[in-house]
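Worksheet for the structure shown next.
Derivation of every value follows stated rules applied to the coordinates shown; laboratory data play no part. If you're wondering where the values come from, they're calculated on a predicted model, not measured in any experiment. Using ideal geometry, Cβ is built from the backbone for each residue, glycine included, and neighbour counts are taken over all protein chains shown.
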Amino acid sequence: MSDSNDSMGVSRRRFLGDMAKTACGVALLGLGVGLYSRQAASLPATALRPPGALAEEDFLGACVRCGLCVRDCPFDTLRLSQLGEEVANGTPYFVAREVPCEMCPDIPCIKACPTGALDHGLTEIDDSRMGLAVVVDQESCIAFQGLRCEVCYNICPIRNEAITLELQHNTRSGKHALFIPVVHSEACTGCGKCEKACILEEAAIKVLPLHLAKGMLGKHYRLGWKEKEKAGGSLVTPDQQHEYNLPEGMRYDYEGRGLIVDEAATPTPFGDNPLDTLKRGREGL
Amino acid sequence: MQPGQRPGSEAIAGKGWWAAHRWLLLRRAAQLSILALFLAGPWFGLWIVKGTIASSLTLDVLPLTDPYLLLQMVLTGHSPEQAALIGALIVLVFYLLVGGRVYCSWVCPVNLVTDAAAWLHQRLGIRHTAQFRRNTRYWILGLTLLLALVSGTLLWELVNPVSIVYRSLIFGVGFAWLLVLAIFLFDLFVSRRGWCSHLCPVGAFYSLLGHLSVLRVSAAARERCNDCMDCYAVCPEPQVIRPALKGAEQNTGPVIMSGNCTNCGRCIDVCSKDVFHVSTRFNNSTTSQFAHKTEVTP
């Protein structure tokens, strides 16, 4: 009896020991995978997701890495990350400087996605936000040197909306204009055609992921003139007008004209010519 | 099996080489033709099947999605599109019919690697390798589901050798060959049949399906068994055989009911007494339908 109790004790001990070993091993594996994933999930700035891709964290939960979007991309823009690349392995991406997105109106990559990692709600390619073009280097962009280039402006599929040319005075020559490309986030899809087309050795205009490209004003900020416009009038009590203590015959115009001397009044202490004032008292010399 | 003899040699002597390798060859043909279907597109422009084993589209109409992957996705909090749901349902029903781990032995590409390692392991006569508990895979399965739930991303897919191997064959190898080599060496030197039969969470998931599946191997003529042990020697999950083969006294039916059985059919091949047959879970009565044939001489 005691014998069998002993052997039961031993087998129970062994069982629990085995369980503990397995649990520890599996937990270690989980830790390893978890740590590796932190690294693997950090998307490099040059890797852009296909149109309609969910926010990166949601995308990595929804994309099954099947490559159907890659297969249906007619321009071979998209590719799947391979093991060892910086992009989370098996997920689709493109590099604008190599092959940009051609912005197909029927968006075949989204249609191909079986899981909705590429949002099927996106039906207008112009509404996609794969990234945002940024003129990252004004020192090398030749438009800023006063040269006519405008390649990014002309290649842009949403021409004159996503990129406009703003004229500025060329202070170097003194008589020419600079044709400065300016990107507008309300229209730019991040397709990357501008980055691909940039004539420099290294593009001066680059498509960056939105979180890198966009700033954000503090939520508490209010722009006075916009608030005034919204409210239809001033939101603060009007200023008390300052009362100047002026000599007789003089007024102060608050609308911008400043000090006004009434014509008909007594002669002023100063003449029209400032030199008269300077010379005053020196007439006898 | 006589000492010094290789498993299956009696069957080869009795039935001939082809008959003693029938299921193995069918299985290899299935694995390679499924792979060929996937590769025909990128290699020859024959787009019959697009995608990978994770999710695919056949002839532009039939969606197929790995239900294990879909389960993880749901745990991340993403609600998938209809195509993925229908695809996973089709796959689920298919494996519930033909056997859960048919995925492992008839489809999965890693099986080619681990079978090769097991074969070489046996040929080289390597002994004393580490043994994991066979239920470790369920722990890892639980871990992968937990990781998906906690991280909100398909974490396991970053390292899952099954999908990486398939994807790398179709979309470009990268460093995936290192992973294949690692699994091969692991199975060869560290732990015999370590990956597929002890650790792989994909196999664990399909094992769970296998508990319910219909098509099964049955030791229908178990009275004929001459205890040669060849079936145990070739089986990747030998623990599943015993209850069915030796269960007559315990009044256990002859059908292999374990979810871990991969339905590879290798036991059918190597048995010189034709003990095993393909059957269904419903043919599990304890009285043998082959009882009247027991007198047949080999």
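Here the Karplus relation 6.51 cos²θ - 1.76 cosθ + 1.60, evaluated at θ = phi - 60°, turns the backbone of segment A:168-183 into coupling constants of 10, 6, 8, 6, 5, 7, x, 9, 10, 10, 9, 9, 8, x, 10, 8 Hz, with x for every Gly and Pro. Counting Cβ atoms of other protein chains within 10 Å of each residue's Cβ and taking the mean over peptide B:165-176 gives 5. If you take the Cα centroid of segment A:60-82 and the Cα centroid of segment B:206-278, the two points sit 42 Å apart.
Taking label positions 7 Å along the Cα-Cβ direction at both residue B:82 and residue A:225, the computed distance is 5.1 nm, reported to one decimal.
Between amide H atoms placed 1.01 Å from N, distances below 5 Å from residue B:279 occur with B:216, B:217, B:218, all of them 5 or more places distant or on a separate chain. Using the Stokes-Einstein relation with a Kirkwood hydrodynamic radius computed over Cα pairs, the translational diffusion coefficient of segment A:98-168 at 25 °C and a viscosity of 0.890 mPa s comes to 167 µm²/s. With both residues required to sit in chain A, DSSP beta bridges show an antiparallel share near 95%. FRET efficiency for the pair residue B:44 and residue B:98, taken as 1/(1 + (r/R0)^6) with r the Cβ-Cβ distance and R0 = 35 Å, rounds to 0.75.
Placing +1 at every Lys and Arg Cβ and -1 at every Asp and Glu Cβ, with all other atoms neutral, what dipole size does segment B:48-209 have around its Cα centre, in debye to the nearest 20? The partial results should precede the final answer.
On the way: 10 positive and 6 negative charges, 137 e Å.
Roughly 660 debye for segment B:48-209.
Per the Debye calculation on segment B:60-105 with a single equal scatterer at every Cα and no solvent contribution, log₁₀ I(q)/I(0) for q = 0.24 Å⁻¹ amounts to -0.85. Averaged over peptide B:47-60, the number of partner chain Cβ atoms lying within 10 Å of each residue's Cβ comes to 4.
Along its first, second and third principal axes, ordered by size, segment B:48-209 spans 50, 36, 34 Å in Cα coordinates. Taking 0.36 nm per residue of sequence separation and removing the Cα-Cα distance, the residue A:24/residue A:111 pair yields an extension gain of 27.0 nm. I'd like the distance between the alpha-carbon centres of segment A:169-191 and segment A:205-245, rounded to an integer number of Å. If you average the Cα positions of each part, the centres end up 25 Å apart. Peptide A:79-91 has a mean shielding of 6, counted as Cβ atoms of other protein chains within 10 Å of each residue's Cβ.
Scanning residues 5 or more positions from residue A:53 or on other chains, those with amide H under 5 Å from its amide H are A:119, with H placed 1.01 Å from N in the peptide plane.
Summing -39500 (n - 2.57) over the DSSP H runs of n ≥ 4 in chain B and dividing by its residue number, what mean residue ellipticity at 222 nm do you reach, to the nearest 500 deg cm²/dmol?
After summing the helix terms and dividing by the residues of chain B, the value is -13500 deg cm²/dmol.
Converting phi to 3J(HN,Hα) with the Karplus coefficients 6.51, -1.76 and 1.60 and the offset θ = phi - 60°, segment A:215-230 yields x, 9, 5, x, 5, 7, 5, 10, 8, x, 5, 6, 4, 5, 5, 4 Hz in sequence order, with x at every glycine or proline. The reciprocal of the average 1/r between distinct C-alpha atoms defines the Kirkwood hydrodynamic radius, which for segment A:49-177 equals 16.8 Å. Spin-label pair residue A:55-residue B:282: with each label point 7 Å from Cα along the Cα-Cβ axis, the two points sit 5.2 nm from one another.
Distances between placed amide hydrogens fall under 5 Å for residue A:205 paired with A:136, all partners being 5 or more residues away or on another chain. Using only alpha carbons, the protein assembly as shown has a radius of gyration to Kirkwood radius ratio (Rg to Rh) of 1.26.
Principal-axis analysis of the Cα atoms of chain A puts helix A:2-40 at an angle of about 30° to the longest axis. Going by alpha carbons, how many degrees (0 to 90, nearest 10) lie between the helix axis of B:201-210 and the longest principal axis of chain B? For B:201-210 against chain B, the angle is about 60 degrees.
What order do you get for B:115, A:272 when you list them from fewest to most C-beta neighbours inside 10 Å?
Details: B:115 21, A:272 6.
Placing the least packed residue first, the sequence is A:272, B:115.
For segment B:1-107, the equivalent ellipsoid derived from the alpha-carbon gyration tensor has semi-axes of 36, 19, 11 Å in decreasing order. In chain A the longest region clear of GluC sites (Glu not before Pro) that are loop-assigned by DSSP and have at most 10 other C-beta atoms within 10 Å covers A:1-123.
Volume per residue, Å³, of the convex hull around the alpha-carbon atoms of segment B:165-298? List each step's numbers first, then the result.
On the way: hull volume 17.6 nm³, N = 134.
Residue-normalised Cα hull volume stands at 131 Å³.
Per the Kirkwood formula applied to alpha carbons, segment A:109-219 shows a radius of gyration over Rh ratio, Rg over Rh, of 1.06.
Across the alpha-carbon atoms of chain A, the computed radius of gyration and Dmax are 34.8, 140 angstrom. Measuring r between the beta carbons of residue B:89 and residue B:116 and using R0 = 35 Å, the FRET efficiency lands at 0.55.
Taking N as the number of residues in segment A:142-193, what is its alpha-carbon radius of gyration divided by 2.2 N^0.38 Å?
Details: Rg = 12.0 Å, N = 52, 2.2 N^0.38 = 9.9 Å.
Rg over 2.2 N^0.38 Å, computed on Cα atoms: 1.21.
Within segment B:121-207, the percentage of alpha carbon pairs spaced more than 22 angstrom apart rounds to 35%.
Computed from backbone phi with θ = phi - 60° and the Karplus coefficients 6.51, -1.76 and 1.60, the 3J(HN,Hα) list for segment B:253-268 is x, x, 7, 6, 9, 5, x, 7, 4, 8, 6, 6, x, 5, 5, 5 Hz; x is used for glycine and proline. Taking label points 7 Å from Cα along the Cα-to-Cβ direction, residue A:172 and residue A:98 give a separation of 3.5 nm.
Absence of a disulfide-compatible partner, taken as no other cysteine beta carbon within less than 4.7 angstrom, is noted in chain A for A:24, A:63, A:66, A:73, A:104, A:113, A:141, A:149, A:156, A:188, A:198. Applying a 4.7 Å Cβ-Cβ cutoff to chain B leaves B:104, B:108, B:196, B:200, B:225, B:228, B:235, B:261, B:264, B:271 as cysteine residues with no disulfide-compatible partner.
Secondary structure note: in the protein assembly as shown, about 95% of the DSSP beta bridges are antiparallel.
Please report, largest first and rounded to whole Å, the three semi-axes of the ellipsoid equivalent to chain B, where each semi-axis is the square root of five times an eigenvalue of the C-alpha gyration tensor. Intermediate values should be presented prior to the final figure.
Values: eigenvalues 230, 93, 77 Å².
Working through the eigenvalues yields semi-axes of 34, 22, 20 Å.
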